[in-house]
Amino acid sequence: MLRTAAAVLAGKSARVATRLRGGGSALPGLVVEKIDPRFLSQALADLPQGIVVVTGTNGKTTTTKMLVALLRAHGLRVFTNPTGSNFTRGVISSVLGEISLKGGLDADIAVLELDEAHSLHFAKVVKPTHALLLNVARDQLDRFAEIDYTAKLLAQLAEQTTQGVVLNRDDSFVARIAGRLADGVEVSYFGVDETIADRLGELMEQDVRSDDDFVAPLVGPGDGLLKPLDERRFLVTFADRADGSGNVGPMQMRQHGLAAMINATAATSMARRLLGDAFRGETAVTALEAVQPPFGRGEVIDAGGTELELVLVKNPAGFTVALSTYGGRPVASMVAINDNYADGRDVSWLYDVNFASLRERGVELTSGVRAYDMALRLAYDGVAVRAVEPDLHAALDRFLAEHADEPKRIFCTYTAMMTLRRTLAERYDLPDFGEDAAE
């Protein structure tokens, strides 16, 4: 008890110090781990409704935020890591923001976004009761190398899960994990309705699965399927209610695109599994329609009276989805590409993205560490680039000034997004990282 109290006190102090300095969330976690290596397992041990881990290549932050909103709307007290710091030490830092000095966490359930690799580090300390596994795609080639390695990480996490797993039935790498679960662990799926099966290419890299003989599992009771009604409205249908009484929707969320819809389908499927008979479709619709796009992920910022969309891109599948969602509406665009550790050092993946949708308007600026590489890549696809400015602050100033009276969009990798978002927050009084704007 004394060790836990000391760890909490030291961690809270480190957390305050790093926030004042504008730093990340790793240091408080490191401080706590040094003092009390069992801190995290003890803090999460007594949550009555368990621990849910959300992971996969794309959509972790968005899906986690949606699932938290769904559970809270149904009356649960949910602990989560809202800043998107998805390493184990980031989770510890989030715990420090809510835990008492005695080590008590006032929550019914934990819903945690975790990086694919760090989810295993977490599972060594705390066994998740449930896992929501989203997808597998090429990402951060310097860290994950081959796509099969990422699939292996997700499978190993599923093997550590004790009660239930929700899998993407349309992703062959994820759906096959069902055969590796421990005895007694229940499995259900989410996916797309057969009427839009031809749009799966918008959500995943079909090229890496072209020779795959995979057949999706049959739709079973409790499996949630996405059924778009148009480009904005959709339903989540459940197979155990053939009369339609179990449908969730129609609904229209604040975040645009097919990827946001499938993330909502995944979150709804997991929420229904966790809540059982307490799940209410009307409550779910209200909750999902109120969810603000997460920080930098399709977030719309009021930039002096005009809209500025900040769109995170980090791999071929994600950039392709972003272009299909946002690229069809020609607005003033900027692309900011960094190659820092958190972005992935290898940016060759840019050559697996088709940028043809940007030809009509062109790109006003490329920026970031790889500004010139990005401009060259766009040139290969016949996309005109007006200017190259590697310095992110200078590029943002120029972009905002030259396009002050029109809608704007910035596609950016993670560390570029963080830099730009901090600058925009100071200029336009935006909510802090991990917080939502007041309604």
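Of all the criteria given as (1) open to solvent by 50 Å² or more (accessible area, probe 1.4 Å); (2) more than 27 Å from R199 (Cβ to Cβ); (3) at pLDDT below 90, the one not satisfied by D352 is (2). In region 387-401 there is at least one residue that is outside any helix (DSSP H, G or I) and either touching a residue at least 24 places away in the same chain (Cβ under 8 Å) or out of contact with any strand residue (DSSP E or B) (no Cβ under 9 Å at 6 or more places or on another chain) (or both). Looking across A387, A379, A371, one residue alone is open to solvent by less than 50 Å² (accessible area, probe 1.4 Å) and either more than 27 Å from the chain's Cα centre (by Cα) or more than 16 Å from S333 (Cβ to Cβ) (or both). It is A387.
Within this structure, T415 fails the test of being in contact with a helix residue (DSSP H, G or I) (Cβ under 6 Å, 6 or more places away or on another chain) and assigned to a helix (DSSP H, G or I). For region 412-435, filtering for residues that are touching a Phe, Trp or Tyr at 6+ places or on another chain (Cβ under 9 Å) and modelled with pLDDT of 85 or more leaves 6.
Can you spot a residue in region 422-429 that is over 11 Å from A336 (Cβ atoms), in contact (Cβ under 8 Å) with a residue 40 or more places away in the chain, in contact with a Ser or Thr (Cβ under 7 Å, 6 or more places away or on another chain) and open to solvent by 60 Å² or more (accessible area, probe 1.4 Å)? No, every residue in region 422-429 fails to be over 11 Å from A336 (Cβ atoms), in contact (Cβ under 8 Å) with a residue 40 or more places away in the chain, in contact with a Ser or Thr (Cβ under 7 Å, 6 or more places away or on another chain) and open to solvent by 60 Å² or more (accessible area, probe 1.4 Å). Of all residues assigned to region 79-87, none qualifies as being surrounded by fewer than 23 Cβ atoms within 10 Å (Cβ to Cβ) and modelled with pLDDT of 85 or more.
Residue pairs whose Cβ atoms lie under 6 Å apart, sitting 6 or more positions apart in sequence or on different chains, and linking a residue in region 343-366 that is within 14 Å of V313 (Cβ to Cβ) and free of Cβ contacts under 8 Å to residues at least 60 places away in the same chain to a partner that is among the aromatic types (F, W, Y) and surrounded by 22 or more Cβ atoms within 10 Å (Cβ to Cβ), are V353/F319.
Within region 122-140, identify whether any single residue is among the β-branched types (V, I, T), modelled with pLDDT of 80 or more and touching an Asp or Glu at 6+ places or on another chain (Cβ under 9 Å), and answer yes or no. There is at least one residue in region 122-140 that is among the β-branched types (V, I, T), modelled with pLDDT of 80 or more and touching an Asp or Glu at 6+ places or on another chain (Cβ under 9 Å). Restricting the search to strands (runs of 3 or more DSSP E) fully inside region 180-240 and requiring at least 3 residues that are within 23 Å of the chain's Cα centre (by Cα) and modelled with pLDDT under 85 gives an empty result. Take Q255 and decide whether it is assigned to a loop (DSSP other than H, G, I, E, B) and within 22 Å of V52 (Cα to Cα). No, not satisfied.
Of all residues in region 44-78, those satisfying the criterion of being open to solvent by 10 Å² or more (accessible area, probe 1.4 Å), closer than 26 Å to L203 by Cα and either of a type outside the set (V, I, T) or not in a helix (DSSP H, G or I) (or both) are N58, G59, K60, K65, A69.
The values are calculated or read from the model by the stated rules, or taken from the named source; none is laboratory data. Computed from a prediction, not measured in an experiment: that's the story for all the values here. Virtual Cβ from ideal backbone geometry, glycine too; neighbours counted across all protein chains shown. The protein model used for the area step is the full one, side chains on, heavy atoms only, and it has no ligands, DNA or RNA in it. Shrake-Rupley method; radii C 1.70, N 1.55, O 1.52, S 1.80 Å.
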